[in-house]
Amino acid sequence: LAKTTQPISMDSYEGQEVNITCSHNNIATNDYITWYQQFPSQGPRFIIQGYKTKVTNEVASLFIPADRKSSTLSLPRVSLSDTAVYYCLVALSYNTDKLIFGTGTRLQVFP
Amino acid sequence: EAQVTQNPRYLITVTGKKLTVTCSQNMNHEYMSWYRQDPGLGLRQIYYSMNVEVTDKGDVPEGYKVSRKEKRNFPLILESPSPNQTSLYFCASSVGFAGTEAFFGQGTRLTVV
């Protein structure tokens with residue numbers, strides 16, 4: 001199973017760019033990398049998904065190197081409302097029936 | 001508005017009293033699943049369903065049942081709740097396999113005393 005490893009927590013200040021890196025050394029050829037955001041007592045919310053290189057949407061960018069053993073979620077100019085837990089997930093190619101959430105990265109944004 | 005709706009949001013019950021948490025999605029998604037979230041343990045999958053009448057166990061299915069008689073609904077049933085099932089529960093749905101974008105409900109906080 002492709003396990004992911006993320007920093008437990010990160011701190012930032014408003015207006016800064018935040019990069020959260022996820023390690024997934026055992027990623028399989030057909031696996032996608034997906035990031036979710038979760039606020040306290042709310043369900044996770046899909047942020048972005050990618051397979052390789054770079055993906056960008058209105059919320060974030062996802063950078064995936066050629067070996068795909070890691071990925072970086074980039075949040076430009078964070079605000080207080082970006083304080084949340086961020087989860088990196090790898091979709092299992094041979095068992096795509098479940099999402100396996102790790103412990104995530106708790107991002108705290110300060111004024 | 002695309003959404004996954006869970007009810008109730010909060011529930012306090014006693015040990016052994018059967019309960020059902022409902023989940024409904026309005027996106028015509030085939031895939032639905034249930035998770036529980038506990039401090040320090042993260043989100044763990046309880047059951048999932050790939051389509052109507054197709055369900056399977058996740059990582060922590062003991063003490064739970066599900067059914068999928070209609071595409072939009074995926075209720076979670078606790079036949080005889082116990083205190084160790086006190087948790088925050090989330091229902092999720094997605095258009096295809098689990099790796100596609102999943103939409104989560106707002107959660108049900110269950111306390112079993």
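When the criteria are applied in full, residue B:36 fails the requirement of being touching a strand residue (DSSP E or B) at 6+ places or on another chain (Cβ under 7 Å), more than 12 Å from every other protein chain (Cβ to nearest Cβ) and closer than 26 Å to residue A:34 by Cα. Picking from residues in the range A:10-37 that are within 14 Å of chain B (Cβ to nearest Cβ) and part of a strand (DSSP E or B), the one that is farthest from residue A:84 (Cα to Cα) is A:33. Considered as a group, the residues in the range B:1-55 that are under 15 Å from residue B:106 (Cα atoms) and aliphatic (A, V, I, L, M) include one that is surrounded by the fewest Cβ atoms within 10 Å (Cβ to Cβ), and that residue is B:2.
Exactly one residue out of B:60, B:21 is under 13 Å from the mean Cα position of the chain (by Cα), in a loop (DSSP other than H, G, I, E, B) and among the aliphatic types (A, V, I, L, M): that is B:60. Set side by side, the residues B:43, B:110, B:88 differ, and just one is assigned to a strand (DSSP E or B), more than 11 Å from every other protein chain (Cβ to nearest Cβ) and among the aliphatic types (A, V, I, L, M), which is B:110.
A residue that is under 22 Å from residue A:40 (Cα atoms), under 10 Å from the mean Cα position of the chain (by Cα) and of a type in the set (Val, Ile, Thr) occurs somewhere in the range B:96-109. Flag: residue A:55 matches the condition of being of a type in the set (Val, Ile, Thr), surrounded by 15 or more Cβ atoms within 10 Å (Cβ to Cβ) and free of Cβ contacts under 8 Å to residues at least 12 places away in the same chain. For the range A:57-111, the set of residues classified as part of a strand (DSSP E or B), modelled with pLDDT of 95 or more and among the β-branched types (Val, Ile, Thr) consists of A:64, A:72, A:85, A:105, A:109, listed by residue number. Within the range B:61-70, is there a residue that is facing chain A (nearest Cβ under 9 Å), out of contact with any helix residue (DSSP H, G or I) (no Cβ under 6 Å at 6 or more places or on another chain) and within 30 Å of residue A:31 (Cβ to Cβ)? The answer is no, given that none of the residues of the range B:61-70 is facing chain A (nearest Cβ under 9 Å), out of contact with any helix residue (DSSP H, G or I) (no Cβ under 6 Å at 6 or more places or on another chain) and within 30 Å of residue A:31 (Cβ to Cβ). For the criterion of being more than 14 Å from chain B (Cβ to nearest Cβ) and not aliphatic (A, V, I, L, M), residue A:70 passes.
Please determine whether any residue of the range A:67-83 is over 16 Å from residue B:42 (Cα atoms) and in contact with a Lys or Arg (Cβ under 7 Å, 6 or more places away or on another chain). Yes, some residue in the range A:67-83 is over 16 Å from residue B:42 (Cα atoms) and in contact with a Lys or Arg (Cβ under 7 Å, 6 or more places away or on another chain). If you go through the range A:38-56 and keep only what is closer than 18 Å to residue B:101 by Cβ and within 11 Å of chain B (Cβ to nearest Cβ), you end up with A:38, A:39, A:42, A:43, A:44, A:45, A:46, A:47, A:48, A:49, A:51.
Checked against the criterion of being surrounded by fewer than 16 Cβ atoms within 10 Å (Cβ to Cβ) and touching a helix residue (DSSP H, G or I) at 6+ places or on another chain (Cβ under 8 Å), the range A:8-17 has at least one qualifying residue. Residue-level check: of (1) surrounded by fewer than 18 Cβ atoms within 10 Å (Cβ to Cβ); (2) of a type in the set (Asp, Glu); (3) modelled with pLDDT under 90, residue A:31 misses just (1).
When you check residue B:71 against the structure, is it touching a Leu at 6+ places or on another chain (Cβ under 9 Å) and at pLDDT 95 or above, yes or no? When the stated conditions are applied, residue B:71 does not pass them. Six or more apart or on different chains, Cβ atoms under 7 Å: show the pairs whose first residue is in the range B:48-59 and in contact (Cβ under 8 Å) with a residue 40 or more places away in the chain and within 9 Å of chain A (Cβ to nearest Cβ) and whose second is exposed (fewer than 15 other Cβ atoms within 10 Å of the Cβ) and in a strand (DSSP E or B). Listed by first residue and then by second, the contacts come to B:48/B:56.
The values are calculated or read from the model by the stated rules, or taken from the named source; none is laboratory data. Note that the structure is a prediction, hence the values are computed from the model and not measured. Please note: Cβ atoms are built from the backbone with ideal geometry, for glycine as well, and neighbour counts cover all protein chains shown.
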